[in-house]
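Asker: Handing you a structure now.
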Amino acid sequence: MDKVLLLGYFATIINTIFLLPQIYKIYITNHTESLSLNMYCLYLIGGILWLLYAILINNYPLIISTGISIILSVYIICKITDNKNNKNNKINS
């Protein structure tokens, strides 16, 4: 296997799984107060752009890994916003 291609596969795997520890911690503790919503929104925008690029060049490993990263980012963004809304509702009650 070409070393450059192998490097690309390794990078897509790492880029896909790096969000899993954060998701696990959110799932177990349901705490997201210290997470940056802006950072995850920017990561999501970057992921969407990478997905469009991968589609244009027909790179299926990149399409799959970027798609998974987008789904994981959306989960984190939803949990952050949901927890902020729940906190605001408790304050207003």
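Asker: Let me check I have the definition right: for the chain, take the eigenvalues of the Cα gyration tensor, multiply each by 5, take square roots. What are those semi-axes in whole Å, largest first?
Answerer: Result for the chain: semi-axes of 32, 14, 8 Å.
Asker: Can you tell me the orientation of helix 37-56 relative to the chain, as the angle in degrees between its alpha-carbon axis and the longest Cα principal axis, to the nearest 10?
Answerer: With rounding to tens, the tilt is 30 degrees.
Asker: In addition: Taking the Cα centre of the chain as origin and charging only Cβ (+1 Lys, Arg; -1 Asp, Glu), how large is the dipole, in debye to the nearest 20?
Answerer: So the dipole magnitude of the chain works out to roughly 280 debye.
Asker: Okay, moving on. Give the accessible surface of the chain per residue, rounded to a whole number of Å², with probe radius 1.4 Å and ligands, DNA and RNA excluded.
Answerer: That works out to 74 Å² per residue.
Asker: Mind pulling the angle between the C-alpha long axis of helix 60-92 and the longest principal axis of the chain? Nearest 10 degrees, somewhere in 0 to 90.
Answerer: Computed tilt is about 10 degrees.
Asker: Okay, next question. Can you count the Lys pairs in the chain with C-alpha separation below 30 Å, eight or more apart or on different chains?
Answerer: 6
Asker: Using Cα atoms only, what is the angle between the long axis of helix 20-29 and the major principal axis of the chain, expressed in degrees (0 to 90) to the nearest 10?
Answerer: That works out to roughly 20 degrees.
Asker: Can you tell me how much longer the chain between Asn30 and Ile45 gets when fully stretched, taken as 0.36 nm per residue apart minus their C-alpha distance, in nm with one decimal? Mind showing how you got there, number by number?
Answerer: Numbers: separation 15, 0.36 × 15 = 5.40 nm, distance 2.42 nm.
Value of the extension gain: 3.0 nm.
Asker: How many nm is it between the label spots at Gln22 and Asp82, if each spot is 7 Å from the Cα in line with the beta carbon?
Answerer: 1.7 nm
The values are calculated or read from the model by the stated rules, or taken from the named source; none is laboratory data. Remember, predicted model here, so these are calculated numbers, not experimental data. Using ideal geometry, Cβ is built from the backbone for each residue, glycine included, and neighbour counts are taken over all protein chains shown. Just the protein is used for accessible areas: all its heavy atoms, side chains included, with ligands, DNA and RNA removed. Shrake-Rupley method; radii C 1.70, N 1.55, O 1.52, S 1.80 Å.
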